[in-house]
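> To start, I am sharing the structure in question, which I have written as structure tokens.
The values are calculated or read from the model by the stated rules, or taken from the named source; none is laboratory data. The shown structure was predicted, so the numbers you read here are calculated from the model rather than taken from an experiment. For neighbour counting, all protein chains shown are included, and Cβ atoms are generated from backbone atoms with ideal geometry for every residue, glycine included. Note: areas computed on protein heavy atoms with side chains; ligands, DNA, RNA excluded. Shrake-Rupley method; radii C 1.70, N 1.55, O 1.52, S 1.80 Å.
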Amino acid sequence: MTTFLFSVSYLRALLKGVFAFTCLLLSFATNAHVVEETTAQVILRDGQVEIRMQTDRAHWVAAVSDSAAFLVGDIDSVMPKGLSIKAQDTFFASILKKQTVISVNNIEQAIDGITVIENENRQKMTVVMYATHTLSKVESIGLSFPQSLGNIHSSFSKPQYRTIPAGSYRSVTLK
């Protein structure tokens, strides 16, 4: 009887260990291709630069809540504790408005709008910023983001807009 109980408890412990190991392996597999840092997609349209940025809310809250970072000058102000999500979004928009630099052809452009979009996953936040310009030809775009965001993986695109008439074929040359 004792041997039987020992083998059942041993088997349970072994199964728990195998289950825990499997969960650990699956967690590595699901995060293998996820970029943990902030990402920004910069889209140049006629007369407008749009930046669609995704970042980790908790990471950014921690970065702007660090009083030591304020003392050494890495951040301009410390985020007060206990802010609601809406108040955090306002605080972040203020940081972005003050510290983001967008230049087109080496001419700095004012940020005309900032919108925070709530994601289903409250851990991630999406911010859309845009600046308008009156330049007829764009040769370069320059960007600088707040240091508190950390490294930012960016992609740049200039969409080409064409109408494809119903039932017709249209090709576009990519440069």
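> Look through A40, A93 and report the one residue that is surrounded by 10 or more Cβ atoms within 10 Å (Cβ to Cβ), part of a helix (DSSP H, G or I) and at pLDDT 65 or above.
Working: A40 fails: part of a helix (DSSP H, G or I).
A93 is the lone residue from the list that is surrounded by 10 or more Cβ atoms within 10 Å (Cβ to Cβ), part of a helix (DSSP H, G or I) and at pLDDT 65 or above.
> If you go through segment 44-65 one residue at a time, how many are outside any strand (DSSP E or B), open to solvent by 60 Å² or more (accessible area, probe 1.4 Å) and either small (G, A, S) or at pLDDT 90 or above (or both)?
Matching residues across segment 44-65 total 3.
> From the set of residues in segment 142-175 that are more than 25 Å from I75 (Cα to Cα) and in contact (Cβ under 8 Å) with a residue 24 or more places away in the chain, which is nearest to the chain's Cα centre (by Cα)?
S155
> Of everything in segment 137-147, what is open to solvent by 30 Å² or more (accessible area, probe 1.4 Å), farther than 23 Å from A69 by Cα and either in a strand (DSSP E or B) or not charged (D, E, K, R) (or both)? Give them in sequence order.
Across segment 137-147, the qualifying residues are V138, S140, I141.
> Output the residues belonging to segment 99-109 that are touching a residue at least 24 places away in the same chain (Cβ under 8 Å) and open to solvent by 80 Å² or more (accessible area, probe 1.4 Å).
Passing the criteria: N106, I107.
> Here is a check on your reading of the model: is T134 modelled with pLDDT of 90 or more, assigned to a loop (DSSP other than H, G, I, E, B), out of contact with any His (no Cβ under 6 Å at 6 or more places or on another chain) and open to solvent by 90 Å² or more (accessible area, probe 1.4 Å)?
Against the criterion (modelled with pLDDT of 90 or more, assigned to a loop (DSSP other than H, G, I, E, B), out of contact with any His (no Cβ under 6 Å at 6 or more places or on another chain) and open to solvent by 90 Å² or more (accessible area, probe 1.4 Å)), T134 qualifies.
> I need the full set of residues from segment 110-125 which are open to solvent by 30 Å² or more (accessible area, probe 1.4 Å) and closer than 28 Å to G73 by Cα, in order please.
Here is the first cut: in segment 110-125, the ones open to solvent by 30 Å² or more (accessible area, probe 1.4 Å) are 110, 112, 114-124.
The answer is A110, D112, I114, T115, V116, Q123, K124.
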